[in-house]
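Notes to accompany the following structure.
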Amino acid sequence: MKKRIAGVVAVAAAAALSLTACSGGSTTAESSGPAATDTAANAGTTVTLWLAGSDTPDPLRDYLKKEFKKETGATLKIEEQAWGDLVTKATTAMSDADTTPDVVEVGNTQSPTFTYAGAFRDLSGMYDELGGDKLLQSFVTAGEADGKKYTLPYYFGSRYMFYRKDVYQEAGVSVPKTLDEFNETVATIAKKNPRDIKNFSGFFLGGQDWRDGISWIFANGGELAKQGDDGKWTSTLSDPKSLEGLKQLQALYRDASKAPNDAKDSNQYIYLNDEDSVLDDAGKPTSSTKLNAATIMAPGWAHWSIGDLKKVDGKDTRVWNDKRFGTFVLPGNDGKPAPVFAGGSNIGVSAKSKHPELAEQLMRIIFSADYQKMLGKNGLGPANQDYVSSLGDDQFAKALIASASNSKLTPAAPGWATVEANSVMEEFFSKIRDADDLEALAKQYDEKITPMLNAQ
């Protein structure tokens, strides 16, 4: 199961929506049509749900269709949108009542852009009914504007470490208990390189992999940006606490990672397997790679792509091998889970939906106990933290829950989409390894990022 959490968003998304900022519809559905529970009257109505990528498996989609039909009498049409096209398509479709889907899933980093653009309906009045404070709060914040709640968490997938037990043993190291120990451990593995592999990494961290790298900033008490009392956002990469994390990152780049400087946060698992294929955007192999790293950091679902290659039902399949592979949560300076960037999605009702009452009824089904548990049983972290036990109790579930317990998101600034769309963080991170003056570099990018954060 390979998933891609959206992070790249269009620069012109907010402007192109042609909506009044923060002008989502009222919480109470304004509809002259029949009530959402009038099954006979709703029989000829179709409500459209946009799901991003293939993350939501077919059994869950079938459940939503069946339950929605049973509760409302209306038909639920589910359309899957590719992550790479989602923002562009949503920007166009959600600006017109005749083309908008009724309920839309977006990446958690995309949510602030659409929220501030007024693309979503105000769900504040339903907040408690849909889970309230039991919902993953970092995701709730990503869907807020002016004290109102426009999108809510759909599922989460936090990041943790996958490692080669055999290589750790050969290098004479054990699983680290603190962040300093982690940094020392992976540097030691890279130096010893027990199998004498060319360009071997104790920890594979791509030169542009800011989504994993920001964990070191967070772990030292730093932030990417802060909002002032006047509501304006300021980039804080040069804050002393952020700089402490950047110094640790620079040491990792220099002493532990041989990852290419243009590598991002995609498919790191191919460097952990004994051999694997490098796929292009169409999913076709372009080249192959062999074991090249002892440790990677990835969202929990990466475990489906890690393991020994075996034939299962006639197909080449990765089968996890506990003797060869293991997991652990990135530890913080205090030994507790370090704050890591949480992948996942938010979901909301389009402000221009022609069927707001029915759309809100669909939200009730999505946030019901039955559906939340179904998410967990399929490896997706449920939005409502009362149901995280549905993830199970294997090592992957435990690592996911532990890493998510202290997870963080990117700043909920109206212009964060512009920062991502311009690949500013990739640009900044690619300069960390060779920077002679990290503070000067951080200040340079603070000056570049701050104006973008406040653009709407």
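The values are calculated or read from the model by the stated rules, or taken from the named source; none is laboratory data. Since the model is a prediction, treat every value here as computed from it, not as a measurement. Quick reminder, even Gly has a Cβ in these numbers, built from the backbone with ideal geometry, and neighbours come from all protein chains shown.
Figures for the structure shown
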| read-out | value |
| --- | --- |
| Failed criterion for ALA251 (all others in (1) farther than 25 Å from GLU275 by Cβ; (2) of a type in the set (A, V, I, L, M, F, W, C); (3) surrounded by 21 or more Cβ atoms within 10 Å (Cβ to Cβ); (4) out of contact with any Asp or Glu (no Cβ under 8 Å at 6 or more places or on another chain) hold) | (3) |
| Enumeration of residues in the range 63-119 that are among the β-branched types (Val, Ile, Thr), within 21 Å of GLY343 (Cα to Cα) and in a loop (DSSP other than H, G, I, E, B) | THR109 |
| Close pairs (7 angstrom Cβ cut-off, 6 or more residues apart or separate chains): closer than 16 Å to ILE296 by Cα and in the same structural domain as VAL167 (by TED's automatic domain parsing) in the range 187-198, among the hydrophobic types (A, V, I, L, M, F, W, C) and assigned to a helix (DSSP H, G or I) anywhere | THR188/ALA171; ILE189/VAL167; ILE189/ALA171 |
| Candidates ASP316, ASP274, ASP281, ASP308, filtered to the one that is in contact with a strand residue (DSSP E or B) (Cβ under 8 Å, 6 or more places away or on another chain), at pLDDT below 85 and charged (D, E, K, R) | ASP316 |
| Residues satisfying the stated conditions in the range 333-357, i.e. modelled with pLDDT under 95 and surrounded by fewer than 21 Cβ atoms within 10 Å (Cβ to Cβ) | ASN333, ASP334, GLY335, LYS336 |
| Output for the range 186-226, where each listed residue is out of contact with any Phe, Trp or Tyr (no Cβ under 8 Å at 6 or more places or on another chain), surrounded by 23 or more Cβ atoms within 10 Å (Cβ to Cβ) and part of a helix (DSSP H, G or I) | TRP216, ILE217, ALA219 |
| Boolean, SER174 is polar (S, T, N, Q), outside the structural domain of ASN346 (by TED's automatic domain parsing), farther than 30 Å from LYS377 by Cα and outside any helix (DSSP H, G or I) | yes |
| Only listed residue being of a type outside the set (D, E, K, R), within 32 Å of the chain's Cα centre (by Cα), outside any helix (DSSP H, G or I) and closer than 18 Å to TYR371 by Cβ, chosen from LEU49, LEU60 | LEU49 |
| Residue, surrounded by the most Cβ atoms within 10 Å (Cβ to Cβ), within the range 140-169, restricted to residues that are part of a helix (DSSP H, G or I) and out of contact with any helix residue (DSSP H, G or I) (no Cβ under 8 Å at 6 or more places or on another chain) | VAL140 |
| Checking MET374 against (1) assigned by TED's automatic domain parsing to the domain that holds GLY53; (2) surrounded by 22 or more Cβ atoms within 10 Å (Cβ to Cβ), the condition it does not meet | (2) |
| Residue among LEU400, LEU391 that alone is closer than 24 Å to GLN110 by Cα, outside the structural domain of GLN227 (by TED's automatic domain parsing) and of a type outside the set (Phe, Trp, Tyr) | LEU400 |
| Matching option when the condition is in a loop (DSSP other than H, G, I, E, B) and surrounded by fewer than 24 Cβ atoms within 10 Å (Cβ to Cβ), among LYS323, LYS310 | LYS323 |
| Qualifying residues in the range 83-97 (those that are at pLDDT below 90 and under 15 Å from ASN108 (Cα atoms)) - the one surrounded by the fewest Cβ atoms within 10 Å (Cβ to Cβ) | GLY84 |
| Complete set of residues in the range 393-438 that are farther than 15 Å from ARG211 by Cα, assigned to a loop (DSSP other than H, G, I, E, B) and among the hydroxyl-bearing types (Ser, Thr, Tyr) | SER405 |
| Tally of residues being part of a loop (DSSP other than H, G, I, E, B), in contact (Cβ under 8 Å) with a residue 24 or more places away in the chain and surrounded by fewer than 18 Cβ atoms within 10 Å (Cβ to Cβ) across the range 125-139 | 2 |
| Selection from the range 404-456 of residues that are modelled with pLDDT of 95 or more and hydroxyl-bearing (Ser, Thr, Tyr) | SER430, TYR445, THR450 |
| Condition broken by ASP370, with the remaining ones in (1) of a type outside the set (Phe, Trp, Tyr); (2) touching a Phe, Trp or Tyr at 6+ places or on another chain (Cβ under 7 Å); (3) at negative phi satisfied | (2) |
| Boolean, ASP122 is part of a loop (DSSP other than H, G, I, E, B) and either acidic (Asp, Glu) or touching a Cys at 6+ places or on another chain (Cβ under 8 Å) (or both) | yes |
| GLY381 being crowded, with 21+ Cβ neighbours inside 10 Å, under 30 Å from LEU272 (Cβ atoms), at pLDDT below 95 and not basic (Lys, Arg) | yes |
| Scope the range 230-277; condition over 16 Å from ARG433 (Cβ atoms), without any contact (Cβ under 8 Å) to a residue 40 or more places away in the chain and assigned to a helix (DSSP H, G or I); matching residues | PRO240, LYS241, GLU244, ILE270 |
